[in-house]
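Since the structure comes first, as structure tokens, the remarks are kept for the end.
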Amino acid sequence: MTDYPLEQPVEQASEQVPGGNGPAWCRRLRLRQLQLLQELARRPSLTAVAAALHLTQPAVSQQLAEIEAALGVPLFERGRGLKPTVFGVATLRWATETLAGASRLDGELQALREGDSGRVRVGVMLVAALELLPRVVARLAREDAGLRLEVHEDIMQGLWPRLVDGELDLLVGRIDGRVRASGLPHARLVDDNHCVALRKGHPLTRRRRPSWADTLAYPWVLPPDDTALRQAVVATFAAAGLAAPRPRVASSSLAATQAILRSGDCLGVMSGTAGRIARADGLLSTLPLALVGHEAPVGVVWRSARPAPAVARVAELLRAEAALLAASR
């Protein structure tokens with residue numbers, strides 16, 4: 001429980017501002033206090049927070065007391081450190097989202113000052129970065145040159161929390177269970193099944209009908225343990241009555257995986273798009289083997305049911321280019 005007396009009971013803290021403009025405590029909190037909350041979530045003590053914000057510890061304590069008084073609930077339990085209460089967890093999440101929104105607005109205003117029509121931060125998985133996103137960029141250059149994209153590539157584990165926390169406006173990648181369970185608006189774009197890739201001239205390319213059992217004679221490059229793709233590989237071998245291979249290398253880098261496959265007899269899994277491009281460029285071959293139980297189409301996810309115009313425009317172009325791409329295959 002808090003060490004500080006609250007200035008109003010919880011019932012009053014949830015009163016609405018006259019005119020329906022939100023709860024009354026909105027008038028009492030400042031963005032600077034939200035930054036303090038964010039630091040409290042990151043650092044173990046009031047002393048550390050005070051040092052980070054170049055404030056005295058009494059000043060930090062006083063601001064925290066003011067925040068708790070405004071909200072009418074205790075946000076932290078005091079002891080050897082600071083432990084968020086259930087109210088604190090919810091408030092810290094809201095503070096993070098609010099500050100991320102402020103950062104987005106700052107970027108949008110700066111873009112408008114520079115004559116741009118908007119700036120969109122896009123998180124992209126490799127499956128969309130190789131073909132779909134370049135098509136969207138080319139179309140923007142033709143139709144809306146003032147709209148700027150800021151692209152961040154990663155695997156889903158790295159991109160998803162950044163989207164949820166408001167660091168990204170859009171995420172383009174695999175639509176998996178976490179996306180569907182989140183309730184965030186999203187749209188399916190294209191289907192893209194994974195493939196088994198290997199060097200040109202690999203002994204398995206001479207087999208007419210290679211099996212999963214045949215692949216166990218060779219070393220593997222596989223995704224990291226905690227990825228859905230790695231789990232799909234394990235499930236596929238299990239369905240064939242086999243133990244999954246122990247990888248020689250665990251890699252989430254397409255460039256590294258392709259280089260390793262080209263230099264020896266290792267096998268690897270990658271998106272169908274990556275495999276098709278590597279095959280067309282004469283870099284790799286693929287085997288007629290399909291993973292089982294791994295249906296994760298490529299899609300786009302955004303954070304708000306009413307996105308900013310620039311975000312809505314990019315989502316619209318992603319859907320349009322995905323439809324053209326699917327029709328051309």
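Numbers for the structure displayed
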| item | result |
| --- | --- |
| Mean-position separation - Cα centroids, the stretch 240-271 and the stretch 158-194, in angstrom | 25 |
| Debye intensity ratio I(q)/I(0), log10, the chain, q values 0.09, 0.10, 0.13 Å⁻¹ (C-alpha model) | -0.66, -0.76, -1.02 |
| Reduced Cα scattering model of the stretch 235-329, Debye log10 I(q)/I(0), q = 0.17 Å⁻¹ | -0.98 |
| Normalised contact order of the chain, rounded percent, pairs of Cα under 8 Å and 6 or more residues apart | 19 |
| Within-11-Å neighbourhood charge of ARG199 [Cβ basis; K, R +1; D, E -1] | +1 |
| Unit charges on C-beta of K, R, D, E only; dipole of the stretch 228-307, Debye | 240 |
| Extent along principal axes [Cα atoms of the stretch 29-80; Å; largest to smallest] | 26, 25, 19 |
| Lys/Arg +1, Asp/Glu -1 at C-beta; the chain dipole; positive extreme among VAL127, ALA327, TYR218 | TYR218 |
| Spin-label pair VAL86/LEU31, simplified geometry with 7 Å Cα→Cβ offset, distance in nm | 3.3 |
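Each reported figure results from applying straightforward, stated rules to the coordinates on display, with no laboratory input. Here the structure is a predicted model, which means the values were calculated and not measured. Methodologically, a virtual Cβ is constructed for each residue, glycine included, from the backbone with ideal geometry; neighbour enumeration extends over all protein chains shown.
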